[in-house]
Amino acid sequence: MKEHPELHDESLYLPVDPDLVYQQQQCLEWLYDFNQTRPAEKAKRQQLLAHMFAALGADCYVEPPLHANWGGRFVHFGDAVYANFNLTLVDDTHIYVGSHTMFGPNVTIATTGHPVLPKLRAQGYQFSAPVHIGENCWVGAGVTILPGVTVGDNTVIGAGSLVTRDLPANVVAYGDPCKVARPIGERDREYYFNQRKIDPRLL
């Protein structure tokens, strides 16, 4: 399939190639079919996702509705990725998600932006930069992750955060803009929520 040559180097480009517009429409037809599935049609959902996504690991679950510019064509999921409803993927270029990562409701991952300069925006220019999310992350409800961001393994992003820059592995981060609040540490081995203790048999 033909692709924009600029998509992987963050150059400005104009998304007007008729062939690419046609291909995008075909991808969106598959996305429409996925979003019309019934709750009991789990096997059909998996078959559609495997066709739609660039890579789909074992035991992934995506709750409709799913929104994606290219219907997931540039999306790579590891194993056992969970996405709650209204995951929005601005997938004009690649989005990589590691195994066992979870997304809360209404998460947006955007790979594409537009120049701040009004003259360029008026001409329709845009740019795309890949997003990388590590393994075993928890991305809370309503989080927005912007183009070019990398999130390290095991990191937790608090609900409603706006992630504009890279986040390291093994931290809790939240806010607008999102910042590291603390490392994941010993207290997290004892408590799972407020003062509620983890059963040691689970560890």
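Details
- 0 to 90° range, to nearest 10: angle between helix 42-52 axis and the chain longest Cα axis: 50
- Fluctuation leader among Ala43, Ala181, Ala110 - the chain, Gaussian network, Cα springs under 10 angstrom: Ala43
- If R0 is 30 Å, the Cβ-Cβ spacing of Leu12 and Thr150 corresponds to a FRET efficiency of close to 0.85.
- Size of electric dipole in segment 5-197: Cβ of Lys, Arg +1 and of Asp, Glu -1, about Cα centre, debye, nearest 20: 660
- With a Förster radius of 35 Å applied to the C-beta separation of Arg165 and Tyr61, the computed FRET efficiency comes to 0.75.
- Max mean-square fluctuation residue, GNM over the chain, Cα-Cα springs under 10 Å, options Leu49, Leu117, Leu167: Leu117
- For segment 55-134, the residue among Ala83, Gly113, Gly72 whose Cα projects farthest onto the positive side of the dipole built from Cβ charges is Gly113.
- Estimated vicinal HN-Hα couplings, Hz - segment 137-150 in sequence order (Karplus 6.51, -1.76, 1.60; Gly, Pro = x): 8, 10, 9, x, 4, x, 6, 10, 10, 8, x, x, 7, 10
- The shape of the chain can be summarised by an equivalent ellipsoid whose semi-axes, obtained from the alpha carbon gyration tensor, come to 31, 22, 13 Å from longest to shortest.
- Rounded FRET efficiency, nearest 0.05, which uses the C-beta distance separating Tyr192 from Gln123 and R0 of 45 Å: 0.30
- Listed residues Gln123, Gln23, Gln46, most fluctuating in the chain (Gaussian network, C-alpha, under 10 Å): Gln123
- Figure note: Phe193, Phe85 ranked by solvent-accessible area, largest first, 1.4 Å probe, ligands and nucleic acids not counted: Phe193, Phe85.
The values are calculated or read from the model by the stated rules, or taken from the named source; none is laboratory data. Only a predicted model underlies this, so the values are computations on that prediction, with no experimental measurement involved. Note that each Cβ is placed from the backbone with ideal geometry, even for glycine, and that neighbours are counted across all protein chains shown. SASA here: full protein model, heavy atoms, side chains in, ligands and nucleic acids out. Shrake-Rupley method; radii C 1.70, N 1.55, O 1.52, S 1.80 Å.
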